[in-house]
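Okay, structure first, notes after.
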Amino acid sequence: MHDKTLTELAAGLRAGEFSSRELTQDLLGRIDRLDGRLNSFISVTAEQALSAADRADTARAGGEAGPLNGLPLALKDIFCTRGVKTSCGSRMLDNFVAPYDASIVEKLTEAGTVSLGKTNMDEFAMGSSNENSYYGPVKNPWDPSAVPGGSSGGSAAAVAAGLVPAAMGTDTGGSIRQPAAFCGITGLKPTYGRVSRYGMIAYASSLDQAGPMARSASDCALLLGAMAGHDGRDSTSVARGVPDYQSELDAPLSGLKIGLPVEYFGDGLDPAVETAVREAIRVYESLGATVREVSLPHTHYAIPAYYVIAPAEASSNLSRFDGVRFGHRCEAPTDLVDLYKRSRAEGFGDEVKRRILIGTHTLSEGFFDAYYKKAQQVRRLIRQDFLDAFDEVDVLMGPASPTPAFDLGANKDPVSMYLQDIYTIAVNLAGIPGISVPAGFAGNRPVGLQVLGTHFAEAQLLNVAHQFQQATDWHLRRPAFAEESA
Amino acid sequence: MAIEHADVLRAAHLARLGLDEGDATHYLDDLGRILEMVDQLQSLDTEGVTPMAHPLDATQRLRADEVTESDQRDHFQQCAPAVENGLYLVPRVVE
Amino acid sequence: MQWETVIGLEVHVQLATRSKIFSGASTAFGAEPNSQACAVDLGLPGVLPVLNESAVAMAVQFGLGVNAEIPEVSVFDRKNYFYADLPKGYQTSQMYHPIVGPGEVEISLEDGTTKRVRVHHAHLEEDAGKSLHEDLHGMTGIDLNRAGTPLLEIVSEPDMRSAKEAAAYLKAIHSIVTYLGISDGNMAEGSMRCDVNVSVRPKGQDAFGTRAEIKNVNSFRFVERAIEFEVERQIELIEDGGKVVQETRLFDPEADETRSMRTKEEANDYRYFPCPDLLPVVLDQAYVDHLRANLPELPADKRSRFEHELGLSAYDAGVLSASRAMAEYFERVKEVCGDAKQAANWVQGELSGALNRESLAIADSPVSAEQLGLLINRVLDDTINGKAAKEVFQAMWQGEGGNADNSADTIIEAKGLKQVTDTGAIEAMIDQVIADSPAQVAQYRDAEPEKRGKMIGYFVGQVMKASRGTANPQQVNGLLKEKLDALC
């Protein structure tokens, strides 16, 4: 059962081939046997999972099963989950049992899904390799010497390894798309505002967005339909109807206008990645799409702008972790400042501190205009690049990452790590949706094709990705790791 | 714009992050290189461009003025490091 | 040297919303610690703010009440600093684009003149929690019930030139917000708090002197005293060759002085930036127009109407319009009795005296406006005389006569205070008094005619006494004069 898609598992549950409890038990068993080598979970919530599975089975017996009823999934440990430790990958929250459910957790629970646990991640979602977790790095199931990507590395690895058919991730600068690419799965970052951020621990509020990570575009469509929608508790959530993403999957692609941003095929792009991506684009041409080059002239400025805006917001968002109402508190503080300084120094890891310091510095007096205001101006130019491109073409395509998954420990320097996100980061600044789709391999490591659309074009992205998956079988490849004998 | 040792200590203090001298030196080096990368922004002419705070041009929705929350103090204080008589405890604050 | 004082005020007004500015927790005062601090108020990981529509409406109403510009767009910013009672490590406020732009407030001074004080702007923000220091083995306890209560911070221009003007400005703001019903204005409970910026400069100099900010001065009286002390301190300092330092000071009402708040902290750097969790607030013209159309009559308009339409003195108009509750009470009394001057006299005389004696607010007056109005009616229609009316009022105050609007009639009946206007009855009483007072009658007869006027007082007193105060004094006077003069 572990290598089936959500869509297939849903059919099996509907047909009575197996119960949700049986499916849940099977996957909990795999996690138990295999995750010691991957480290993709921070918490496995077996007991809650089994009772949720039983509720789902009862609902089904009573004729009250929705399309997601009884399907197992995992949640990135950034989503508050009532009664369950929600660590955000940080020592700061190692003792934090969330007293409430995030909006998407509520929605997925109501839909009858079964959460198996909370997945590993870069601390506070800051990272591109999952090496910044207090709970240790996650291994890439395709190659244990490689990183799974980040920050939703645990979610990507767990899905790729067949521990769970789908997992929820968050994406602030590529944190769904890049690990999806590195692990050979499908990951969608929706338009900013499409999915509620309530209960998702904030890294950079104007960039963060939750999305599904699964084995196919069709599975992502199923999940997005359950996650999306307006939430009165999130001011930035958009009051706009949620289309039936699945019904649009089968639309033919003839006449689709694809743009290839020249800036996404330049220096630094791994040749094997480029080969795989160009091959995927030829598949689209064979499906009736037309391809042309476009330019996103401010691409080069996306990473600099991001490393002003995201740390600035983070420095403020993370101020609430002060050792007073929740989270880590140092021993025997002598005064209030000592309480703050030691609790935060002990609770936060290196990368989080780095970003808090950058954000604090760039917002401080005398620097604000040169950094923050400037970055916000550049942000508008970057969004305009995309809007201009979407006047010409329907979707943009390119690599999700300039390289396949790199080796654990390979990027010691923070700046060279940041530059890994060159193709994903501008998307968050612009607020548009993007999806990463498995499109081949560079050696033994997967390559992701990234497809970008204009604001609220998720249905089109899922359709474009799904049609590719009807024509290719990259998304069906499983790592040797997924075999029990391995 | 170069960053100096004192800037790191100042930022650490504003952010209430305990750093010793060694930490500060280590971060000074990293922050210097990050800001050097960020300084590429300065080469771009942004005269007349309105800063963009949100990716969507939406406006604030307003909530009806209704009390929707009930007392969950005991529940919320289960994750608190130190409470007494319903109060969160901190080292004595001298005003 | 002649010195001039320059004062600016920052007034924080808690808005009278039911729920908090960004959450659905109650704003009620006096609850158990932290029982009204919800997930959003506590700043739990992952929570988000959503703006309260009443807070916006109230802020705009205030703006309209001080004839301010209401900008189409306002923006919330984060003011970043760490403090024990600030749960998120930042306060959500409005730094660059406040909801209320420049406006002005008219203040009345004791000499009867008025002055305009400019409002620089007013912005919305969230209140912080409270720190408690008692009985916690040397620890401080944090209560976050107040955290997230909506505040309107009203920032004046440095337009005030004396402690009296500052107090008058604060009273004017108090009366505007209470008239609008956007705050209870209760300074004792902290619903209204005030920071005072004070500096002095040689008279005739344009440049401002260095100012000190006195924090949290929380009564009208303390504002005056704090400023008076501070002005004296600054002048003495300068005259002794010293310099005023820009600093924050605290007013100590016990010692009647301001004190420097010495902290080890360096100058703050609040790192304001637009709050990414909140979107720009856009107010369309129709919304603002609707609020404008539904604005109640404000104190300045009311004062002017009382003076010019009701014919009250400027002083009476000022006193009666100072608070909305007072003005409404007075207007109701006037409506019932139909005589503005009588209504004004009674509200400011007997009623205010009784309220002051028992430290009651007008809202808690045991005598309702209707009861007082009908009592005045009974004077106007000669049912009782003025002296009896005061007796009826005191009885009414004690609850005699019940709660009915016409309790005056009940009391008049029960006490037999109805005025005697029957000439025959009064004449009989006069005859009796004259018969009983031969010595006084003889004196009267022997006196110079121009001195008799004064002597008649004795006879009036005796007749009134005989009537137990119920005889109509004018009638008594007239008849007595006739009868006594007939004896001469």
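The values are calculated or read from the model by the stated rules, or taken from the named source; none is laboratory data. All values reported here derive from a predicted model rather than from experimental measurement. No Cβ is skipped: glycine too gets one built from the backbone with ideal geometry, and neighbour counts run over all protein chains shown.
Entry remark, the range C:279-331: residues being closer than 21 Å to C:Glu110 by Cβ, buried (at least 19 other Cβ atoms within 10 Å of the Cβ) and charged (D, E, K, R) number 3 in total.
Looking at this structure, is C:Asn34 closer than 24 Å to A:Leu336 by Cβ and assigned to a loop (DSSP other than H, G, I, E, B)? Criteria met by C:Asn34. Counting only strands (runs of 3 or more DSSP E) that fall entirely inside the range A:179-265 and contain at least 1 residues that are under 14 Å from the mean Cα position of the chain (by Cα) and away from every other protein chain (no Cβ under 14 Å), the qualifying elements are A:186-189, A:209-214. Exactly one residue out of A:Gly162, A:Gly127 is away from chain C (no Cβ under 14 Å) and surrounded by fewer than 24 Cβ atoms within 10 Å (Cβ to Cβ), and it is A:Gly162. Restricting attention to the range C:219-261, which residues are of a type in the set (Phe, Trp, Tyr) and closer than 22 Å to B:Val93 by Cα? If the condition is that a residue be of a type in the set (Phe, Trp, Tyr) and closer than 22 Å to B:Val93 by Cα, then C:Phe251 is the only one that fits.
Any residue at all in the range C:108-115 that's under 12 Å from C:Ala147 (Cα atoms), touching a residue at least 40 places away in the same chain (Cβ under 8 Å) and either hydrophobic (A, V, I, L, M, F, W, C) or in a strand (DSSP E or B) (or both)? Among the residues of the range C:108-115, not one is under 12 Å from C:Ala147 (Cα atoms), touching a residue at least 40 places away in the same chain (Cβ under 8 Å) and either hydrophobic (A, V, I, L, M, F, W, C) or in a strand (DSSP E or B) (or both), which makes the answer no.
Check the range C:159-171 and report whether any residue there is in contact with a Pro (Cβ under 7 Å, 6 or more places away or on another chain) and in contact (Cβ under 8 Å) with a residue 40 or more places away in the chain.
no
Only one of the listed residues (A:Ala314, A:Ala332, A:Ala310, A:Ala302) is aliphatic (A, V, I, L, M) and more than 14 Å from chain C (Cβ to nearest Cβ). That residue is A:Ala302. Looking for something in a loop (DSSP other than H, G, I, E, B), within 11 Å of another protein chain (Cβ to nearest Cβ) and touching a residue at least 60 places away in the same chain (Cβ under 8 Å) - is there at least one such residue anywhere in the range C:53-71? The answer is no; no qualifying residue exists.
To keep it simple, each residue is scored yes or no on (1) of a type in the set (Lys, Arg); (2) part of a loop (DSSP other than H, G, I, E, B); (3) more than 24 Å from the chain's Cα centre (by Cα).
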{"residue": "A:Phe18", "(1), (2), (3)": "no, yes, yes"}
{"residue": "A:Glu47", "(1), (2), (3)": "no, no, yes"}
{"residue": "A:Ser51", "(1), (2), (3)": "no, no, yes"}
{"residue": "A:Ala59", "(1), (2), (3)": "no, no, yes"}
{"residue": "A:Leu75", "(1), (2), (3)": "no, no, no"}
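Filtered by the rule that a residue be in contact (Cβ under 8 Å) with a residue 40 or more places away in the chain and in a loop (DSSP other than H, G, I, E, B), the range C:1-25 gives C:Met1, C:Gln2, C:Leu15, C:Ala16, C:Thr17, C:Lys20, C:Ile21, C:Phe22, C:Ser23, C:Ala25.
With the structure loaded, tell me whether A:Gly327 is modelled with pLDDT under 95 and either crowded, with 21+ Cβ neighbours inside 10 Å or farther than 24 Å from A:Val195 by Cα (or both) or whether it fails that test. No, not satisfied.
Within the range C:237-253, the set of residues being surrounded by 10 or more Cβ atoms within 10 Å (Cβ to Cβ) and acidic (Asp, Glu) comprises C:Glu239, C:Glu247, C:Asp252.
How many of the residues making up the range C:103-119 are at pLDDT 95 or above and buried (at least 19 other Cβ atoms within 10 Å of the Cβ)? So the answer is 4. The residues of the range A:163-218 that are more than 24 Å from A:Gly70 (Cβ to Cβ) and of a type in the set (Lys, Arg), listed by number, are A:Arg177, A:Lys189, A:Arg194, A:Arg197.
Kindly establish whether C:Val177 is part of a strand (DSSP E or B), surrounded by 21 or more Cβ atoms within 10 Å (Cβ to Cβ) and either touching a residue at least 24 places away in the same chain (Cβ under 8 Å) or in contact with a Phe, Trp or Tyr (Cβ under 7 Å, 6 or more places away or on another chain) (or both). So C:Val177 fails the test. Considering every residue within the range C:126-136, establish whether at least one is away from chain B (no Cβ under 13 Å) and in contact (Cβ under 8 Å) with a residue 24 or more places away in the chain. Checked the range C:126-136: at least one residue is away from chain B (no Cβ under 13 Å) and in contact (Cβ under 8 Å) with a residue 24 or more places away in the chain.
Yes or no, residue by residue, for (1) polar (S, T, N, Q); (2) in contact with a helix residue (DSSP H, G or I) (Cβ under 7 Å, 6 or more places away or on another chain); (3) within 30 Å of C:Gly338 (Cβ to Cβ):
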position: C:Ile430; (1), (2), (3): no, yes, no
position: C:Ile434; (1), (2), (3): no, yes, no
position: C:Gly453; (1), (2), (3): no, no, no
position: C:Gly478; (1), (2), (3): no, no, yes
position: C:Glu482; (1), (2), (3): no, no, no
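Sub-7 Å Cβ pairs linking a first residue in the range A:18-31 that is hydrophobic (A, V, I, L, M, F, W, C) to a second residue that is in a helix (DSSP H, G or I), at least 6 apart or interchain, are A:Phe18/A:Gly12; A:Leu23/A:Leu9; A:Leu28/A:Ala46; A:Leu28/A:Ala49, ordered by first then second residue.
C:Tyr83 meets each of the listed conditions (1) over 31 Å from the mean Cα position of the chain (by Cα); (2) among the aromatic types (Phe, Trp, Tyr); (3) surrounded by 24 or more Cβ atoms within 10 Å (Cβ to Cβ) apart from (3). Please count how many residues of the range B:58-95 are more than 26 Å from the chain's Cα centre (by Cα), hydroxyl-bearing (Ser, Thr, Tyr) and within 7 Å of another protein chain (Cβ to nearest Cβ). Of the residues in that region, 1 qualify.
Checking A:Ser343 against (1) within 23 Å of B:Gln40 (Cβ to Cβ); (2) more than 7 Å from chain B (Cβ to nearest Cβ): exactly one of these is not met. Which one? Single failed check for A:Ser343: (1). The residue that is nearest to the chain's Cα centre (by Cα), among those in the range C:195-231 that are hydrophobic (A, V, I, L, M, F, W, C) and assigned to a helix (DSSP H, G or I), is C:Phe220. Run C:Ala28 past the list (1) at the interface with chain B (Cβ under 9 Å from one of its Cβ atoms); (2) touching a residue at least 40 places away in the same chain (Cβ under 8 Å); (3) in a loop (DSSP other than H, G, I, E, B) and report the number of the one that doesn't hold. Answer for C:Ala28: the failing condition is (2).
Suppose we keep only residues that are within 17 Å of the chain's Cα centre (by Cα) and assigned to a strand (DSSP E or B) within the range A:101-152. Which one would you say is nearest to A:Met213 (Cα to Cα)? Ranking the qualifying residues of the range A:101-152, first place goes to A:Thr119. Scanning the range C:72-83 for residues that are out of contact with any Gly (no Cβ under 8 Å at 6 or more places or on another chain) and within 7 Å of another protein chain (Cβ to nearest Cβ) gives a single hit, C:Arg78.
When C:Leu279, C:Leu291 are checked against the criterion of being within 14 Å of another protein chain (Cβ to nearest Cβ) and either in contact (Cβ under 8 Å) with a residue 60 or more places away in the chain or not in a loop (DSSP other than H, G, I, E, B) (or both), C:Leu291 stands alone in meeting it.
Scan the range B:36-57 for residues that are more than 7 Å from chain A (Cβ to nearest Cβ) and either over 16 Å from A:Ile309 (Cβ atoms) or touching a strand residue (DSSP E or B) at 6+ places or on another chain (Cβ under 7 Å) (or both) and jot them down. If the condition is that a residue be more than 7 Å from chain A (Cβ to nearest Cβ) and either over 16 Å from A:Ile309 (Cβ atoms) or touching a strand residue (DSSP E or B) at 6+ places or on another chain (Cβ under 7 Å) (or both), then B:Glu36, B:Ser43, B:Asp45, B:Glu47, B:Gly48, B:Asp57 are the ones that fit.
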